[in-house]
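Written out below as structure tokens is the structure these notes cover.
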Amino acid sequence: MTTVYPISSVQNQEPKTPVREPQEQFGQDTFLKLLVAQLKYQDPTNPTDATQFLSQTAQFTQIETLQKIAKEQETQAAASEMLAATSLVGRQVSYALNNGQGQAPTATTAMQVRGTLPKDAPLGTHVTTTADVFTASGAKIPLKLDFVRTDTGWSVQALSGSQKLGSPVAINFDATGNHNGNVAIPAAALNGIANTTGDWPTTGISLAFGDATDPTRLQMGSGSSTVTVMEQNGNDGTKANGMVSGMHITADGPKLVIGGQEIPYTSITDVHV
């Protein structure tokens, strides 16, 4: 929708002086102008030495060639950076926060869990995956999710080391193998981890399994288990982890889409296997 500003607001503004873009201080045109001036105003009784003139021309040609090489190298470097950024789409990475300046820690409130749980697995089969989560103060806590085959489907138990956090929670699947909702690890259960009581979000941590349009969503199907924590939204204030879902080309270089945010490619610190 186009915004129409009142005429009065335009009339009251002071006219702005156009800003001239800085121009190259010395280029081919400048050299030619100086050369013409030198020839025009030379002393007829003591003309410019031809050897000196050729030397000046050679120096300028050399400088111009070096400038072209530098420009080509800059273009190649930008292309290489773009290619490298593209190769990170679909990968898990770590990146520095706030362009390396850091920020306040963020407590984990959601973990994105994806993959397949085998429908033909015998009762009592265990499938585990791990991830680091963060408290409100930025403490990093290793967390394990233990999926267990039950007579009605699967359940998940959160653990910190060998300590169980709360009770197992059933994951309901429909006839097609798709899950029927997310589950959560309540704050009361997380408070059982030593030295973290009261440092968790009151909503606990949601285990998000992906919606029906997500091809990587958690589902019960044939084959082996591929369950993994794709990403979680907490951090310690210095570095965060996430899955690269896309890339944008900007004037400042490529930016990667991670958790719905645009992260500069230069902020990537690690690429996870």
Item to complete: Looking for whichever is in contact with a Gly (Cβ under 9 Å, 6 or more places away or on another chain) and aliphatic (A, V, I, L, M) here; the options are ALA104, ALA84, ALA139. Which one fits?
Response: ALA104
Worksheet item: With the stretch 178-273 as the region, which strands (runs of 3 or more DSSP E) entirely inside it contain at least 2 residues that are among the hydrophobic types (A, V, I, L, M, F, W, C)?
Response: 183-185, 205-208, 228-232, 239-250, 253-258, 268-272
Worksheet item: Here are LEU190, LEU145, LEU159: which of them is closer than 18 Å to VAL227 by Cβ and without any contact (Cβ under 8 Å) to a residue 40 or more places away in the chain?
Response: LEU159
Practice prompt. Kindly indicate whether any position in the stretch 156-171 is closer than 16 Å to THR116 by Cβ and at pLDDT below 95.
Written response: yes
Discussion item. Taking the criterion of being surrounded by 13 or more Cβ atoms within 10 Å (Cβ to Cβ), of a type outside the set (Asp, Glu) and in a loop (DSSP other than H, G, I, E, B), would at least one residue in the stretch 66-89 satisfy it?
Written reply: yes
Practice prompt. Tell me which of these LEU88 doesn't satisfy, since it passes every other one: (1) at pLDDT 75 or above; (2) out of contact with any strand residue (DSSP E or B) (no Cβ under 7 Å at 6 or more places or on another chain).
Written response: (2)
Worksheet item: Take the residues of the stretch 189-222 that are aliphatic (A, V, I, L, M) and surrounded by fewer than 13 Cβ atoms within 10 Å (Cβ to Cβ): which is nearest to LEU117 (Cα to Cα)?
Response: ALA212
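Among the listed residues ASP146, ASP120, ASP151, identify the single one that is farther than 24 Å from ASP236 by Cβ, touching a Leu at 6+ places or on another chain (Cβ under 7 Å) and loosely packed, with under 13 Cβ neighbours inside 10 Å.
Within the list ASP146, ASP120, ASP151, the selection yields ASP151.
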Worksheet item: Inside the stretch 163-175, can you point out the residues that are in contact (Cβ under 8 Å) with a residue 12 or more places away in the chain and part of a loop (DSSP other than H, G, I, E, B)?
Response: ASN172
Worksheet item: Since THR130 meets every condition but one in (1) under 21 Å from ALA240 (Cα atoms); (2) surrounded by 15 or more Cβ atoms within 10 Å (Cβ to Cβ), which condition does it not meet?
Response: (2)
Fill in: the stretch 117-162: number of residues that are part of a strand (DSSP E or B) and either of a type outside the set (S, T, N, Q) or more than 33 Å from the chain's Cα centre (by Cα) (or both)
22
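The values are calculated or read from the model by the stated rules, or taken from the named source; none is laboratory data. What you are looking at is a predicted structure, and each value in this text was computed from that prediction instead of being measured. Virtual Cβ from ideal backbone geometry, glycine too; neighbours counted across all protein chains shown.
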